[in-house]
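Written out below as structure tokens is the structure these notes cover.
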Amino acid sequence: MTETERDVVELLSADHREFDRVFTELEGLMGRTGEDVLARKRALVDEVSIGLVKHSVAEETQVYPRVQDEVDAEEAERSKHEHDLAEETMKRLERLDPADEQYDVEIRTLIHEIRTHVEHEESRMFTELKATFDRAQLVEMARQVERVKAIAPTRPHPLVPNEGGIRTALGPVAALVDHLRDAVSGRGKQDT
């Protein structure tokens, strides 16, 4: 371990900042139409959805089980529930056309869900993680999170329970299907 390696709190917080960057741009596009604007909204929603799904699966398989067992089981359950809500919203967004007026409504819902989740996670869970685990353990958790993110699904699967063991078992199959669908559709490959 080197001092320059990020720990899991730093890694997940960096993801949160990136999600918020995309949300800020999406907020600037709300209520606007036009072919270019609608295409940009779709590209941004795809980008943030891919990132959120990978981030969530990594947390659910590598972080929340440790939180549940060694920190605060209620906190882990709360976070999994918040992920469930966001996955359902992302699935609705995936099915909508950006020209549909409901699209902006769902974007606002997702932004609210994620910002609320991030605020709670950063103010409570991350503080507890830093108090419970030493730096070496937190850096190792970051490595595990990165490994999972590299092979995680890219689309929301709200019917798959947000349990570490189930996500670990089903993740590779879902990821393969998602990556194939993305390759065929070009999803996530737009210039963002």
Inset, instruction - Calculate one ³J(HN,Hα) per residue across region 41-49 by plugging θ = phi - 60° into the Karplus curve 6.51 cos²θ - 1.76 cosθ + 1.60, and present them in order as whole Hz with x for glycine and proline. - result: 4, 4, 4, 5, 5, 4, 4, 6, 5
Inset, instruction - Can you bin region 68-122 into rounded, prolate or oblate? Criterion: square roots of the alpha carbon gyration tensor eigenvalues sorted a ≥ b ≥ c, rounded for a/c under 1.5, prolate for a/b above b/c, oblate for the rest. - result: prolate
Inset, instruction - Give me the compactness ratio for region 1-45, meaning the Cα radius of gyration over 2.2 N^0.38 Å. - result: 1.67
Legend entry - Per-selection Kirkwood Rh - region 1-147 (Cα, Å, 1 d.p.): 16.1
Legend entry - Qualifying aspartates and glutamates (Cα of each under 14 Å from Cα of Lys41; at least 8 residues distant if same chain): Glu25, Glu27, Glu94, Asp97, Asp100, Glu101, Asp104, Glu106, Asp191
Legend entry - Distance (nanometres) between label positions extended 7 Å along Cα→Cβ at Ala14 and Ala136: 2.3
Inset, instruction - Note the full-extension length gain between Glu122 and Ile151 as 0.36 nm times their separation in residues minus their Cα-Cα distance, in nm to one decimal. - result: 7.9 nm
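All of the numbers you see were taken from the coordinates with simple rules; none came from a lab. Being a predicted model, the structure only gives us computed values, none of them experimental. Virtual Cβ from ideal backbone geometry, glycine too; neighbours counted across all protein chains shown.
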